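Heads up, the thing below is written out as structure tokens.
Every number in this text was worked out from the coordinates using simple rules, so none of it is lab data. Everything numeric here is computed off the predicted structure, so don't read it as measured data. Heads up, the Cβs are rebuilt from the backbone with ideal geometry, glycines too, and the neighbour counts pull from every protein chain shown.
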Amino acid sequence: MIDIFTTTFIATFIAGVIASAIPLVLGSLGETLGEQSGVLNLGIEGMMLFGAYFGFVTTLETNSYFLGLLAGIAAGFVMSILMVMLNIWLGLNQIVIGLALTMIGGGITSVLYFSTYGQTTPRLGQPDVFPIPVLSDLPVVGSSIFQQPLAFWIALVLAFVVSVVLRNTNFGLRVRAAGQNPNSLDAAGGNVVRTRTFVALLGGAFAGFGGAYLALMSAGTFTPFMTSGIGYIAIVVTMLSRGRILWVIASSFVYGISVSVGTVLQLTSFDLPTDVIKMLPFVAVMITLIVFARSSYVPPALGVPYTRGAR
Amino acid sequence: MNARSAAATHSNTPVVSMRHVGKVFPGVIANDDITLDIRPGRVHCLLGENGAGKSTLISILAGMQQPDTGWIEIDGQKVNISSPRSAMDYGIGVVYQHSTLISTMTVLENLMLGVTGGAFLNRESARSRLTEISAMLGVEIDPDAEAADLALGQQQQVEIAKAMWKGSRVLILDEPTSMLAPQAIADLDASVERLTKDGIAVIFITHKLREAYSMGDEVSVLRRGRLIASIDAETLEGLSEEKFTNAVLAAMFGDDISAIGDRNDVELLSGAKVATKVRTKSSRSDEKLVLHLADVTTPSTPTEFGVSNVSLKLRAGEVIGVAGIDGHGQSALAEVVAGQVRATSGSVFLDGDDVTKLGVRARQELGLRYVTDDRLHEGIVTDLSVALNLLLKQIGKLPYWKRGQISKPDVDAEATRLVEAFEIRTPSIHARAGALSGGNIQKLLLARELSHQPTVVVFNKPTYGLDLKTVNRVRKIVKDFAEQGGAVLLISTDLDELVELSDRVAIISRGRLVGEVENNSPDTARQVGEFMVGSAHSEGNHV
């Protein structure tokens, strides 16, 4: 039995929460942008896996975490170009295309990983931390919260930026209008297709970033299907948050806590099968859904391709 | 004649000219060789039935559609209006028939939607622009109200402000009065007058003759996609209302006029006259109570109100009209009566029996019917035959189903009888129901719901979007049904229709019945309007 109330342990717990939550925050930010504009990105799981794999490979080859994150972002972005062409420009069914992208993402990255690294299963080292002066010297929170890699702070800043963009810019207003009532946006002289395209590409980049964060910062390696449903959880988080970024962050951290609690339970003397422990985050999501599903709200035009004049 | 003769002070050169404009959709010639001039400072009324091609013409001017033939000139220059944005750049502002406001956003956000330039929303400059436009229209608009909380008339003021936001020279109003209360129509009239004094050209689309006469400086009549008649300002000034009505009716309907109904019907339907109800019985309080809602509440959805604490008593032979802005609980009311939605509290009584817990089918057996407003999706099964659609609600019953199998001869015989009785135009009773026109689908629904001894029928927007001939027919069916002792709950957004058919009109707002007006004086429409406007004002802002 381990004493779970030592400062080291609590610090590790907090760091674990952050490591699980940030990829979800990033994915949900991208999904939120897309859904606010009426684009349902079910391919987010595939995009995150793409980001994770190409981020991992790049860092492994170049030893640069910065390049790795960039590569991850680019991979998500490239995949979302495919989605934009099929969904937004050609008006194909967003559910079908999204699921296809998820399968493609999982399939391609697994095949590539097994054929290249299947024997060696390489791991990355620890990323450099970006300690915040003074605060990083505090007990418990110092080592857990204020000694995170720079990417952590970038993710938080991005969350703030997305929130400001959605609420306070002309572009954000157009994004929301495209999701609420694309006809209104069109009639007001806005360009529905261009707005949705832009946002969907951004969403892909966010998903790629989230995937890369997961591989480089949280796990330190890539394993096939390592996202294990985070993409889908991001969709749930998005629907529950209704465009409110604080909610995105809060619910992502709830998820992070449920993952970390599982780890804690494994270390303590509770005799729980690991399968049950691994289920915890999903049980948490299900309970959240049962409690809050009534208040979940999706934009009316979500998933509906826009064609001018069609009624 | 109208007060807008002052229009003559403005230049007589057209600001917009349509030249030989044509547009064809699969199977329909929507516009055929239309040539029109729109002059500054004048109200140009476009009249025509549903399906005459008015909306297509407007969507071409608005840049939503491209003409197949012909062209448009602005200030004498041939232009290509390729998108709504370019229409706006040419100074054409449009207020569409269906609201384009985003209900979850505030008025200010809705108005800022068309603004480009600058990354951040400039709320202050938008506020001052709104103040300017409000002064121009002579109205007051609360910039921070959510669009969903505004009364219909107020929503329309926001739409006009939106259309004028970038300094339009031409304002197009597509059927702006069809759902407005009389007071709101008067406000609209005043705003239009102020705009034309400033030299704005207004295109006013309507199917109501009396509005065209009172508001229009010039009138054009469309029928089946063609421009049938144009009345210029000088001629219009010299015409009496009666002569105007005669001329326009002849143009609107041509030889079809006798097929629609008698002269009185035609004048009522075309809005030349205001409807009044001829009451056959003075009091119905001694009649049997057939439908009773006691304090009924249903859940709301994000897009539509449910009903809250609604109580209503409907007696045999009575027609209760329900007026209100679309989406304010009308569907919930219809569905909770029909049994499609369960009441979360309160009770529904049919003939004195509590049916709150009964489903749709059980209530049908007791004589309750619902004619839905969603004819195509909820009303019929588009891929089944007309015959099967007519007997859809008799599934499993003798004599149409025997030992679990369809008895074709009985089904066909009954279907043939109904098709004839309700004059449903179909190539055959075996044709796909989805292939029928809107009017015939509605007749099919009426045939199905009104056969097999109904006692209470809920009609939800029964004439919405139909041609006048069918409108007349449907209204007759409703009247006859009530005449024979049936009870009717008539939900409609057409105030004229409610006044023509109802004994009482109840007003629904935000899911509550906020008032009731006995339909026994020519003043009914105004009183109903007062409730509609009043309830929105008092309840609008604190939610």
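Determine the relative contact order of region B:136-240: mean sequence separation of Cα pairs under 8 Å and six or more apart, normalised by residue count, in whole percent.
24
What does the helix-only formula give at 222 nm for chain A: each DSSP H stretch with n ≥ 4 adding -39500 (n - 2.57), the total divided by the residues, and the result rounded to the nearest 500 deg cm²/dmol?
Per the formula, -22500 deg cm²/dmol.
To the nearest 10 degrees, how steeply does helix A:65-83 sit against the main Cα axis of chain A, on a 0 to 90 scale?
30
Would you work out the relative contact order for region B:1-112, in percent, from Cα pairs under 8 angstrom that are 6 or more residues apart?
Relative contact order for region B:1-112 comes out at 25 percent.
If the viscosity is 1.567 mPa s and the temperature 4 °C, what translational diffusion coefficient in µm²/s does Stokes-Einstein give for the protein assembly as shown when Rh comes from Kirkwood over Cα pairs?
Result for D is 42 µm²/s.
How big is D for region B:347-394, in µm² s⁻¹ as a whole number, if Stokes-Einstein is applied with the Kirkwood radius of its Cα pairs at 10 °C and 1.306 mPa s?
Value of D from the Cα-based Kirkwood radius: 128 µm²/s.
Ranked by Cβ crowding within 10 angstrom, fewest neighbours first, how are B:D373, A:D271 ordered?
By the 10 Å Cβ count, ascending: A:D271, B:D373.
In deg cm²/dmol and to the nearest 500, what is the mean residue ellipticity at 222 nm of chain B if only DSSP H runs of at least 4 residues count, each as -39500 (n - 2.57), divided by the residue total?
Numbers: 19 runs with 187 residues, N = 543.
Calculated at 222 nm, the ellipticity per residue is -10000 deg cm²/dmol.
Normalise the Debye intensity by I(0) for region A:29-98, one equal point scatterer per Cα, no solvent, then take log10 at q = 0.14, 0.21, 0.24, 0.26 Å⁻¹ and round to two decimals.
Each listed q corresponds, in turn, to -0.46, -0.82, -0.96, -1.06.
Taking the beta-carbon count within 10 Å as an exposure proxy, list B:M64, B:M136 from fewest neighbours to most.
B:M136, B:M64
Remind me, relative contact order of region A:239-288 in percent, using alpha carbon pairs under 8 angstrom and six or more residues apart?
Result for region A:239-288 is 34 percent.
Kirkwood hydrodynamic radius, computed over distinct alpha-carbon pairs, for region B:119-163: how many Å, to one decimal?
Working: mean 1/r = 0.0905 Å⁻¹.
Kirkwood hydrodynamic radius for region B:119-163: 11.1 Å.
Exactly which chymotrypsin sites (Phe, Trp or Tyr not before Pro) in region A:155-232 are in a DSSP loop and have at most 16 other Cβ atoms within 10 Å? Present the calculation step by step, with values, prior to reporting the outcome.
On the way: sites: A:F160, A:F171, A:F198, A:F206, A:F209, A:Y213, A:F222, A:F225, A:Y232; in loops: A:F222, A:F225.
Sites meeting the loop and neighbour criteria: A:F225.
Which lysines does B:K313 reach when only Cα atoms under 16 Å apart count, and residues fewer than 8 places away in its own chain are ignored?
Counting by Cα, and skipping residues close in sequence, B:K313 has these lysines nearby: B:K288.
Against the longest alpha carbon principal axis of chain A, how many degrees, from 0 to 90 and to the nearest 10, is the axis of helix A:245-267 turned?
So the inclination is approximately 30 degrees.
On a straight-distance basis, which aspartates and glutamates could pair with B:K78 in a cross-link, Cα separation under 20 angstrom, same-chain partners fewer than 8 positions away excluded?
Straight-line reach from B:K78, under 20 Å: B:D32, B:D33, B:D37, B:D68, B:D89.
Tell me the label-point distance for the pair B:D286, B:S300, using the 7 Å Cα-to-Cβ offset, in nm and rounded to one decimal.
4.4
For chain A, what is the per residue volume of the convex hull drawn over the alpha-carbon atoms, in cubic angstrom?
138
By counting other Cβ atoms within 10 Å of each Cβ, how are A:D128, B:D75, B:D265, B:D174 ranked from fewest to most?
In increasing order of surrounding Cβ atoms, one gets A:D128, B:D75, B:D265, B:D174.
Which entries of B:K54/B:K197; B:K443/B:K476; B:K23/B:K54; B:K393/B:K443 have Cα-Cα distances beyond 18 Å here?
From B:K54/B:K197; B:K443/B:K476; B:K23/B:K54; B:K393/B:K443, over 18 Å: B:K54/B:K197.
Return the loop-located GluC sites (Glu not before Pro) in region B:413-450 (DSSP other than H, G, I, E, B) with at most 13 other Cβ atoms within 10 Å of their own Cβ; answer none if there are none.
B:E423
What lysines does B:K397 reach when the alpha-carbon gap must be under 17 Å and sequence neighbours fewer than 8 apart in one chain are set aside?
B:K408
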